[in-house]
1. Out of the residues in region 46-80 that are free of Cβ contacts under 8 Å to residues at least 40 places away in the same chain and assigned to a loop (DSSP other than H, G, I, E, B), which is nearest to residue 115 (Cα to Cα)?
2. Is it true that some residue in region 132-141 is within 20 Å of residue 101 (Cβ to Cβ), touching a residue at least 24 places away in the same chain (Cβ under 8 Å) and in a loop (DSSP other than H, G, I, E, B)?
3. Within region 164-231, considering only strands (runs of 3 or more DSSP E) that don't extend past its boundaries, which have at least 1 residues that are over 21 Å from the mean Cα position of the chain (by Cα) and either surrounded by 20 or more Cβ atoms within 10 Å (Cβ to Cβ) or at pLDDT below 95 (or both)?
4. For residue 146, all conditions in the list (1) exposed (fewer than 13 other Cβ atoms within 10 Å of the Cβ); (2) modelled with pLDDT of 95 or more; (3) not in a helix (DSSP H, G or I) hold save one; what is the number of the exception?
5. Does region 8-25 hold any residues that are at pLDDT 75 or above and either in contact with a strand residue (DSSP E or B) (Cβ under 6 Å, 6 or more places away or on another chain) or over 25 Å from residue 214 (Cα atoms) (or both), and which are they?
6. What number of residues within region 93-124 are surrounded by 10 or more Cβ atoms within 10 Å (Cβ to Cβ), at negative phi and in a loop (DSSP other than H, G, I, E, B)?
7. Applying the selection to region 31-73, what residues are loosely packed, with under 14 Cβ neighbours inside 10 Å and touching a strand residue (DSSP E or B) at 6+ places or on another chain (Cβ under 6 Å)?
8. Output the residues belonging to region 76-91 that are under 29 Å from residue 6 (Cβ atoms) and in contact with a strand residue (DSSP E or B) (Cβ under 9 Å, 6 or more places away or on another chain).
């Protein structure tokens, strides 16, 4: 049985962050600070809590900022010695250095979410049978190891975390534990919605395309749901995305007050 450490996590970090109204400056949204670290590190840290350690950062807009940050991260987290004679760098032991494997995959400036996953997976999925996908702007306190075990047990191609915040998010029509339909951002309605923490078997790649206009939340997930291949893992705890300046203010406030549910 595969372990979380065997599963690559593809993190979608390529969007322009237009709904932040310029508050991100020239940084990609996942690099906005929440407390003393970028939002992206909070997301990766929550996955790592459950044993996931392989991350593929699907970069697009300002991908160089993501690349520079991760290239500098060892020097940020631990002491190092630079020998100018041979330009070698030695990093010293640090309790703060996580055991992560990080790939920054440049997936195109204008590629949509499905295309980013398809392009990165073509290069970095390797022989893994399962992979995770999430967005670079969502936080939760869901038990991702429990979701993974659920995914392994049901046999369908995909699993989506279902949460129930306000209805401006993509709504899931459920038939017991099967997703009967996938509707992104309905105008009105209540119920369970797309929380953005996915697990897939590699067969889902047949639903994706490397074409720039392939939107993960569009035809691929809609067709997968219609084919009966998308199951739901319900979560009634904390979930939030950082989509607007108001979202960022609320999330930063939770972190700074010590009340952030993902700070366990």
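The values are calculated or read from the model by the stated rules, or taken from the named source; none is laboratory data. Keep in mind that this is a model prediction, so the values were computed, not measured. Note that each Cβ is placed from the backbone with ideal geometry, even for glycine, and that neighbours are counted across all protein chains shown.
1. Once the filter is applied, the top-ranked residue is 78.
2. The first filter runs over region 132-141 and keeps only residues within 20 Å of residue 101 (Cβ to Cβ), leaving 132-134, 136.
Going one step further and asking which of them are touching a residue at least 24 places away in the same chain (Cβ under 8 Å), we end up with 132-134, 136.
Next, only the ones that are in a loop (DSSP other than H, G, I, E, B) stay: 136.
Within region 132-141, one or more residues are within 20 Å of residue 101 (Cβ to Cβ), touching a residue at least 24 places away in the same chain (Cβ under 8 Å) and in a loop (DSSP other than H, G, I, E, B).
3. 171-175, 178-183
4. All conditions are met except number (3).
5. 8, 9, 10, 11, 12, 13, 14
6. Pass one, region 93-124, residues surrounded by 10 or more Cβ atoms within 10 Å (Cβ to Cβ): 94, 97-98, 100-124.
Those still in the list that are at negative phi too: 94, 97-98, 100-107, 109-124.
Those left that are additionally in a loop (DSSP other than H, G, I, E, B): 94, 97-98, 100, 107, 109-112.
Number of matching residues: 9.
7. Listed by number, the list is empty, since nothing qualifies.
8. 77, 78, 91
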